[in-house]
Amino acid sequence: SHAKEILHCLKEKYFKELQDLEVDGQKVEMPQSLSWYPEELAWHTNLSRKILRKSPQLEKFHQFLVSETECGNISRQEAVSMIPPLLLNVNPHHKILDMCAAPGSKTAQLIEMLHADMNVPFPKGFVIANDVDNKRCYLLVHQAKRLNSPCIMVVNHDASSIPNLQIDVDGRKEVLFYDRILCDVPCSGDGTMRKNIDVWKKWTTQNSLQLHGLQLRIATRGVEQLAEGGRMVYSTCSLNPIENEAVIASLLEKSQGALELADVSSELPGLKRMPGITKWKVMLKDGQWFEEWKDVPSNRQTQIRPTMFPVKDDEKLKAMNLERCLRILPHHQNTGGFFVAVLIKKSPMPWNKRQPKVHQKLPQRTGDTDVTAPNSDNGSECIAVEPALAENEESKKVQELQNSDTEQSKKEGVCGPPPSKKMKLFGFKEDPFVFLPEDDPLFLPIQKFYALDPSFPKMNLLTRTQEGKKRQLYMVSEELRNVLLNNSEKMKVINTGIKVWSRNSDGEQFGCAFRLAQEGIYTLYPFIHARIIDVCIDDVKILLTQENPFLSKFSSETQKKVKDMAMGSIVLKYNPDPEKPDELQCPIVLCGWQGKTSLRAFVPKNERLHYLRMMGVEVFKAKRKEEEESESKTEEEVQHRLAQTEEGMDVEEHDLVTKMEAEIGEESSHSPVESSAMEVENKMEDLDQSSKIVNSHVSQESKDTDTSNVKD
């Protein structure tokens, strides 16, 4: 509902103001909606970042974009990058894996699709977003956090050997298979040549030859973890067939009929696309061309692999339907170049055929990293699962030592960081995820104070501290709780859950030590039955424009409701009136605090601006340095007073994102205009291009631990 309001605001206000605008003597082109994106929810503008940021006439529009991006209501992204999530056909009950997720724009689309029905606080599905690069994982957290979902978990693994996870199904341990997998692999990025000058300077045929093996391993690992009937989308921002059709053809060939390419020609009408190709040649850096594997001299056979060549057998080739792949060419609709293939899994992969038997035979081995081990007695299939076997042997040894500890910690609901040594070689040490015990005395006063519904899933509450005072309470969906509790020893979780309550040092004298947190209010609201005040639109405007307004400023109805209510944290709810179409037509839920004589909203600055814009209030302020500095100071003081001392994990995370942005040339995060998540993605791209890790894939032995190549 908020997206529709923003769209209305854009069309009726901001686009109209751009209509006859001239910047540097040139007429500003009007933004256009992307014809193939559903419900006009994606728009394209030709305004360059420089013009957008530097032109005084566009300052208002720029502030709007930055502020709404910070809130998570707008995301800036390359148009073609929006295609893979759309072709996944996500439903709210789907379990989704995003294998190479950073910087997180596609992940944000997936989260949005899970929450298609805003009346369901906890969809049955979830997104597990993975990236191999620890630093980029924090960027991913920053992007995902804007959407305030209890159904997202960010993990840090090499996608080509991401461990099999287990879940508890009616008391039985079962391997988790995903309904949808997004496999947006690292690539040479030659499709980005229009916006990325680096590609022209550094492009060589070697890039694709070095990446092909990694791409195939990641895609293979993806289809292994896909549920039967599930859908996996493989995509690259490259147009090179060695990174595209060659990977898909090889995958289809070794799947022996378990996979098929889906025909998506009727999906996304309006998107101009070309069919996948069936014939190509392979070229070395020195310009030598090869048409078949048998032509490759033996001294070149480490650089060029048999899987890089097209299938020679015409019948096999025809059965593969490679023309069902999508090639998006830059000049067709003013985009980047892109490749997409949609795969459907019809049966288990041939090397996983005996998988179910393992579970029956070995129920006690809960911590096996992979369940493809039974093939070890079959020489011909053994090659396909060699890495998995090695991992298995290792996990067996570690397992005996861990089992007793693991069972104990599960009883206590503690999901600590994985104890295995290799996990701690890189990245930051994460705090554990500790679920509240059922009889925790902390919860009773909260339940009583807010009159929580008996259906409230209190078992899904967690903190990030094992000892000392619990400062923040977070919430995950039941399904993610299941994943966390059953896989803590083999999964490096960077972040999960949304903050729902914060400790307030003065709170205990008001009956409850915890105040509501705005970021989790839409999840929590359906379960709260006390301390709710319905407010009219004029009251909302007062709450959002004044720092600590006296009760006398509010409508008489609001004053009456507040009169009999004890001091402390409250929920302020605005319900739209369908009979007044000129007023805001989406519901608003705000966290607030009722004092002796005043009523205030606890809402972050950008979110305040968002609601005010939706109500037609002019919030634009021309940039003045002194004003900005004093504003950010008072904002900091207010936040400091309200939140008291935030839990270490949150502070650490914020510092990290700030530090990362500083590293990549981002302006100070205190400037409300210049620092934006919109620009972070592009900055990350710039960073990527300057440090292309092509060389790290030279040999297969290097195991390709770093996949942060140029990737949209």
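I'd like to know if the range 98-112 contains one or more residues that are assigned to a strand (DSSP E or B), modelled with pLDDT of 95 or more and either open to solvent by 20 Å² or more (accessible area, probe 1.4 Å) or out of contact with any Pro (no Cβ under 7 Å at 6 or more places or on another chain) (or both).
We begin by selecting, within the range 98-112, every residue assigned to a strand (DSSP E or B); these are 98.
In the following step, the residues that additionally are modelled with pLDDT of 95 or more were identified as 98.
If we keep only those that are either open to solvent by 20 Å² or more (accessible area, probe 1.4 Å) or out of contact with any Pro (no Cβ under 7 Å at 6 or more places or on another chain) (or both) too, we end up with 98.
Scanning the range 98-112 turns up at least one residue that is assigned to a strand (DSSP E or B), modelled with pLDDT of 95 or more and either open to solvent by 20 Å² or more (accessible area, probe 1.4 Å) or out of contact with any Pro (no Cβ under 7 Å at 6 or more places or on another chain) (or both).
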- [ ] Working only within the range 46-94, note down all residues that are over 22 Å from the mean Cα position of the chain (by Cα) and either modelled with pLDDT of 95 or more or surrounded by fewer than 16 Cβ atoms within 10 Å (Cβ to Cβ) (or both).
- [x] 46, 48, 49, 50, 54, 56, 57
Open item on the list: Looking only at the range 563-607, how many residues end up being open to solvent by less than 70 Å² (accessible area, probe 1.4 Å), under 30 Å from residue 117 (Cα atoms) and either part of a helix (DSSP H, G or I) or among the polar types (S, T, N, Q) (or both)?
Closed with: 5
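Here is a yes/no grid of residues against (1) surrounded by 11 or more Cβ atoms within 10 Å (Cβ to Cβ); (2) within 23 Å of residue 214 (Cα to Cα); (3) touching a helix residue (DSSP H, G or I) at 6+ places or on another chain (Cβ under 6 Å):
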| position | (1), (2), (3) |
| --- | --- |
| 278 | yes, yes, yes |
| 282 | yes, yes, yes |
| 290 | yes, yes, no |
| 294 | no, yes, no |
| 301 | yes, yes, no |
| 304 | yes, yes, no |
| 309 | yes, yes, yes |
- [ ] Sort out which residues of the range 275-292 are in contact with a strand residue (DSSP E or B) (Cβ under 9 Å, 6 or more places away or on another chain) and of a type in the set (A, V, I, L, M, F, W, C), and write them in order of number.
- [x] 277, 282, 283, 284, 289, 290
- [ ] Report yes if residue 22 is surrounded by fewer than 17 Cβ atoms within 10 Å (Cβ to Cβ) and either basic (Lys, Arg) or modelled with pLDDT under 90 (or both), otherwise no.
- [x] yes
Task: Selection within the range 129-173 - open to solvent by less than 20 Å² (accessible area, probe 1.4 Å) and assigned to a strand (DSSP E or B) - done: 129, 130, 152, 153, 154, 155, 166
Task: helices (runs of 4 or more DSSP H) (entirely within the range 459-562) containing at least 2 residues that are farther than 30 Å from residue 133 by Cα and modelled with pLDDT of 90 or more - done: 521-524, 537-545
Open item on the list: Suppose we keep only residues that are modelled with pLDDT of 90 or more and open to solvent by 70 Å² or more (accessible area, probe 1.4 Å) within the range 434-458. Which one would you say is nearest to residue 486 (Cα to Cα)?
Closed with: 455
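The values are calculated or read from the model by the stated rules, or taken from the named source; none is laboratory data. None of the values given here were measured: they were computed from a predicted structure. A quick note on method: Cβ atoms are made from the backbone with ideal geometry, for glycine too, and the neighbour counts reach across all protein chains shown. Heavy atoms of the whole protein, side chains included, go into the accessibility calculation; ligands, DNA and RNA do not. Shrake-Rupley method; radii C 1.70, N 1.55, O 1.52, S 1.80 Å.
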